[in-house]
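Before any comments, here is the structure.
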Amino acid sequence: MLDPKFVREHIDVVTKAIADKGEQADLGPFLELDARRRGILQQVESLKAQRNTVSDQIAQLKKQKSPDADAMIAEMREVGERIKAFDEELRAVEEKLSDATLSLPNIPDPSVPVGTSEKENVVDRVLGEERTFDFAPKPHWEIGEKLGIIDFERGVKMSGTRFYVLKGQGARLQRALISWMLDVHTREHGYAEVYPPYIVNHHCLVGTGQLPKFADNLYHDAEEDLWLIPTAEVPVTNLYRGETLDGQQLPVNHVAYTPCFRREKMSAGKDVRGIKRGHQFDKVELVKFCLPEKSAEELDKLVVNACEIPKRLGLRYRVVALCTADLTFASTKTYDIEVWAPGCNEWLEVSSCSNFGDFQARRASIKFKRDAKSKAEFVHTLNGSGLALPRTLIAVLENCQNADGTVSVPEVLKPYMGSDRIG
């Protein structure tokens, strides 16, 4: 969440940021509640100061056995009741103020291009050679069905639309990609692997910014108030919720493989063919906790780490700087990594590498101290996929397909697949 003091003192900046993101948020309730809260605090502090002063006077009067002491004691009882009433009102106001603050999106970094839609995103760089074919490349859904490695019919039979089954070498390719990506990030990039829960409480989703705004896009067990994770970002970021980290140990870098679950209500009608967009998918996620002054540098490192995956797979890929309107609710700056899928004839997003500043840290109360005597500060958090399935799998199938219908296994995956060809 945003710092309430910053919002109060920079209304024009926050108003513009909300507009640039294409979000709708009314600052009126926030300002009204913030003013009410500060007013109550002033009254409470004044009453407490009065009570402290009079308490000293009462002590002196009691020593003097003055009859005035009883009257002053009765007066202070009334003051105490007023303080109690103000404290109860303050708790109610602060709860409403917290809700109002949670509705405000993060502010885009000044370097983010201003735009009104994804059409105004900026391609930062394109890398890798585009493969040339001496035949018409097929989309992955045709490749998968012909090879018997993707079963759409049975997926729908078991779970409904946007579900599918990976079979045989298709399932093995998915597992090979996950294992290889984890090995690259842990052995070469220095990320510590974690295996988190796939179900979390609502505090975790508030911490990373999915709640309360995006509840409709999540799977929820109402009886126990538990939620299926939409991304490993949620449990991994919340590893340190409510904790104060040692600043000397930052940055802390984690990688985790998890399945992810999203209702995809906001994408109804999009990508209905194939496995590009499903309610359940796998992802390898990278999460960083760092010093505030290092987060821009860490974002660049995050992008480099994620880009290493399509590079080694021999895929053509590009890095796209998102404009303000395409940033997520919690992000201050994001680069998307997209791979070229010749069968689909489109660029597919396989990672969004984002810097959240202290936005998530404030919501989840994740702090650090530079040394034992320093005041606790909020860390900066970042995350990005390294990479997301199944779109990486799609890119491999479509870029590595052969005229005879088989698929060549990328060199880096051969030890994990135990073969050099699918088919």
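Listing for the model above:
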| quantity | calculated |
| --- | --- |
| Inter-residue pairs, beta-carbon under 6 Å, first within 24 Å of L250 (Cα to Cα) and assigned by TED's automatic domain parsing to the domain that holds I366 and in segment 188-213, second part of a loop (DSSP other than H, G, I, E, B) and at pLDDT 95 or above, 6+ apart | L205/L211; G207/R241; G209/F329; G209/A330 |
| Yes/no for S331 being crowded, with 24+ Cβ neighbours inside 10 Å and in contact (Cβ under 8 Å) with a residue 40 or more places away in the chain | yes |
| Of all residues in segment 334-353 being assigned to a loop (DSSP other than H, G, I, E, B) and not hydrophobic (A, V, I, L, M, F, W, C), the one that is surrounded by the fewest Cβ atoms within 10 Å (Cβ to Cβ) | N345 |
| Test: L387 is more than 19 Å from R172 (Cβ to Cβ), crowded, with 24+ Cβ neighbours inside 10 Å, of a type outside the set (G, A, S) and at pLDDT 95 or above | no |
| Residues satisfying the stated conditions in segment 113-166, i.e. in a loop (DSSP other than H, G, I, E, B), aliphatic (A, V, I, L, M) and touching a helix residue (DSSP H, G or I) at 6+ places or on another chain (Cβ under 9 Å) | V114, I149 |
| Top-ranked residue in segment 228-265 [being in a strand (DSSP E or B) and in contact with a Pro (Cβ under 7 Å, 6 or more places away or on another chain); ranked as farthest from S159 (Cα to Cα)] | A256 |
| Residue list for segment 115-158, filter: of a type in the set (A, V, I, L, M) and surrounded by 14 or more Cβ atoms within 10 Å (Cβ to Cβ) | V126, I143, L147, I149, I150, V156 |
| Single match in L127, L97, L90 (criterion: more than 22 Å from the chain's Cα centre (by Cα) and over 30 Å from F30 (Cβ atoms)) | L127 |
| Condition met for L291 (surrounded by fewer than 24 Cβ atoms within 10 Å (Cβ to Cβ) and either more than 12 Å from N383 (Cβ to Cβ) or not hydroxyl-bearing (S, T, Y) (or both)) | yes |
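The values are calculated or read from the model by the stated rules, or taken from the named source; none is laboratory data. Keep in mind the model is a prediction, meaning the values are calculated, not measured. Methodologically, a virtual Cβ is constructed for each residue, glycine included, from the backbone with ideal geometry; neighbour enumeration extends over all protein chains shown.
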